[in-house]
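The values are calculated or read from the model by the stated rules, or taken from the named source; none is laboratory data. All values derive from a computational prediction rather than experimental measurement. No Cβ is skipped: glycine too gets one built from the backbone with ideal geometry, and neighbour counts run over all protein chains shown. What goes into the accessible areas is simple: the full protein's heavy atoms, side chains included, and nothing from ligands, DNA or RNA. Shrake-Rupley method; radii C 1.70, N 1.55, O 1.52, S 1.80 Å.
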Amino acid sequence: MKMFKLIEDVPSAYKKGTKFFLISHSEFIGVKSYVLLAEDLKGKIVVTEEELRSKFVTIH
């Protein structure tokens, strides 16, 4: 399972350094979206491919 680390704060939601699991991805008319679940299992966020590349880094 892929894991990502947040590299910048998300206002009123998550702080820099929060770890997320990739639980789902989809593509509709060329737009990719990803569902990430926080490591503490307290919340999910949906991001686009551009947001995933700019706000997260892959960790193994």
Just checking my list (1) 10.4, 27; (2) 11.0, 32; (3) 13.2, 47 against Rg and Dmax of the Cα atoms in Å computed from this structure; which label fits?
(2)
Of every hundred units of 1.4 Å-probe accessible area on the chain, the number belonging to carbon and sulfur atoms, as a percent, is 55
Can you run phi through the Karplus equation (6.51, -1.76, 1.60; θ = phi - 60°) for segment 36-42 and list ³J(HN,Hα) in whole Hz, with x for Gly and Pro?
10, 10, 4, 4, 7, 6, 8
Quick one: net charge around L37, please, counting Lys, Arg +1 and Asp, Glu -1 for every other residue with C-beta under 15 Å from its C-beta.
+3
Over the chain, the sum of -39500 (n - 2.57) across DSSP H runs of at least four, divided by residue number and rounded to 500 deg cm²/dmol, gives at 222 nm -3000 deg cm²/dmol
Per-peptide average of other Cβ atoms within 10 Å, ordering 15-23, 27-35 highest first
15-23, 27-35
Counting sequence-distant residues (5 or more places) and residues on other chains, those with an amide H built under 5 Å from that of D9 are K16
Rounded to whole Hz and in sequence order, give me ³J(HN,Hα) for segment 7-21 from the Karplus expression 6.51 cos²θ - 1.76 cosθ + 1.60, θ = phi - 60°, writing x for Gly and Pro.
9, 8, 5, 9, x, 6, 10, 9, 9, 3, x, 5, 9, 9, 9
Partner lysines for K19 [C-alpha distance under 18 Å; skip if fewer than 8 residues away on the same chain]:
K2, K5, K42, K44, K55
Only Cα pairs under 8 Å and at least 6 apart count here; give the relative contact order of the chain as a rounded whole percent.
35
Accessible area of the chain divided out per residue, in Å², using a probe of 1.4 angstrom:
75
